[in-house]
Amino acid sequence: MAERTRLAVDGLIARLGGSWTADKLYYVKRYASGFTKAMTPHRDAGSWDSLVYIDLLAGPGIDMERRSGREFPGSPLIALQTTPPFDRIILGDRNRENVKALRQRIPSEQTHRVDLERADCHERATAVVQALSSRALGLAFVDPEGFEVRFELFQTLSRRSIDIIFLFPSGIGITRNERLFAQSSSVPAIEGMWGNSAWRELPMMKAYAGKTLTEADVERLTESYAEAFSKRVATLGYRYYDRVGPLRNDQGAPMYHLLFFSKAPAGLSIWRGIGQIEPDGQRRLKGLF
C-alpha cells in the first residue's frame, strides 16, 4: 500500500498527493477569497447572519506533493487565512492522526471560530446542517482521496445555502476500472457515490463496456462522467454548476475534476471569475456549462 502521509517540516504529518494537489488548492483559495469578499457586504446588510466554511475530510492541514516533497497549506489553513474572514470554520476527519495534527496547526487566536471533530463526514454533515441557521451562507469543500463520499453527503448539504467544491475522482477510478464497473453486479463504492445504480445506464458506460480504452477514450469518458455526475447533483437544487479539469498526474493522465455547485447565479459568477486564470497562468477560454 502506498504511503498516505509523511512528516512535514513542522514535525507533524502531511497528506500526500500528486501534481494536482497545488491545482485543487489554487481554486479553493481563490474561490474562498472571492466568496467572502462578495458576500461579506451582504452579511453586514443582514441578508445572511454568518459565512461558514465546511470541510469534513479536512486531512492534517498540510498537503505535500509526493514526488517533490513540496508542502502546501491545506484547505483548512486556507480557510483560516482567508480575508475577509469566515465567521465559522467547521472541520472534521475520521482519521485520529489527521485530527490531532490539524488541531495543533490551528493558531490559538483562531480557535474561537473553529469547530473540529473526529467523525465520519456523512454523520458530521447531518449534525452540522441541523445546527446551521437557515440564514447562514456556506462553502463546503469535499476532498476525498477516492470513492469514500456517498451521494447522501450532497443531499445533506443541499438542505442549506451551501456552495460546494468537489474533488471528483473521474480518472483514478472510473477509467481504470470501467470494464469492471460495467460488468460487476455490485460495486459499492461507485454505487454509493452516485446514490443509485442508474450510472450503469449512462450511454457512455454502455458504449465503453468491455472495451480496451485508448487515451482518447479515457479523455471522453472522464469528461462524460464528470458532466453526468454534475447533472445528478443539480437535481438537488444546484442549478448553477461548472467544472475544471481534468487535473492530471505527472504523466499527463487524468486523475480528478474539480466540480462546482451553487444554488445562486452569484456563486457561479464568482467561480467563473476566479477561474479566468488557471494555475499555470493561462487564461481559461470559457465556462463549461
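The values are calculated or read from the model by the stated rules, or taken from the named source; none is laboratory data. Not measured: the values here are computed from a predicted model. All Cβ positions, glycine included, derive from the backbone under ideal geometry; neighbour counts span all protein chains shown.
Values computed for the structure shown
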| quantity | calculated |
| --- | --- |
| Residues satisfying the stated conditions in region 83-122, i.e. buried (at least 19 other Cβ atoms within 10 Å of the Cβ) and within 19 Å of PHE166 (Cα to Cα) | ILE89, ILE90, LEU91, GLY92, ASP93, CYS121 |
| Residue in region 58-69 that is more than 18 Å from the chain's Cα centre (by Cα) and at pLDDT 95 or above present | no |
| Residues being in contact (Cβ under 8 Å) with a residue 40 or more places away in the chain and either in contact with a Gly (Cβ under 6 Å, 6 or more places away or on another chain) or surrounded by fewer than 16 Cβ atoms within 10 Å (Cβ to Cβ) (or both) - total across region 216-240 | 2 |
| Unique match (being at pLDDT below 95 and either crowded, with 16+ Cβ neighbours inside 10 Å or under 17 Å from the mean Cα position of the chain (by Cα) (or both)) among GLU148, GLU152 | GLU148 |
| Elements of type helices (runs of 4 or more DSSP H) in region 202-274, at least 2 residues being closer than 20 Å to ILE172 by Cα | 203-208, 215-234 |
| Tally of residues being surrounded by fewer than 21 Cβ atoms within 10 Å (Cβ to Cβ) and either under 21 Å from SER197 (Cβ atoms) or touching a Leu at 6+ places or on another chain (Cβ under 8 Å) (or both) across region 128-144 | 3 |
| Cβ pairs under 7 Å, 6+ apart, first in region 145-159 and farther than 16 Å from SER262 by Cβ, second at pLDDT 95 or above and small (Gly, Ala, Ser) | LEU153/ALA125; THR156/ALA125 |
| Which numbered condition ALA125 misses (of (1) under 15 Å from the mean Cα position of the chain (by Cα); (2) farther than 20 Å from HIS257 by Cα; (3) surrounded by fewer than 19 Cβ atoms within 10 Å (Cβ to Cβ)) | (3) |
| Number of positions in region 114-164 that are of a type in the set (Ser, Thr, Tyr), closer than 22 Å to ALA234 by Cβ and outside any helix (DSSP H, G or I) | 3 |
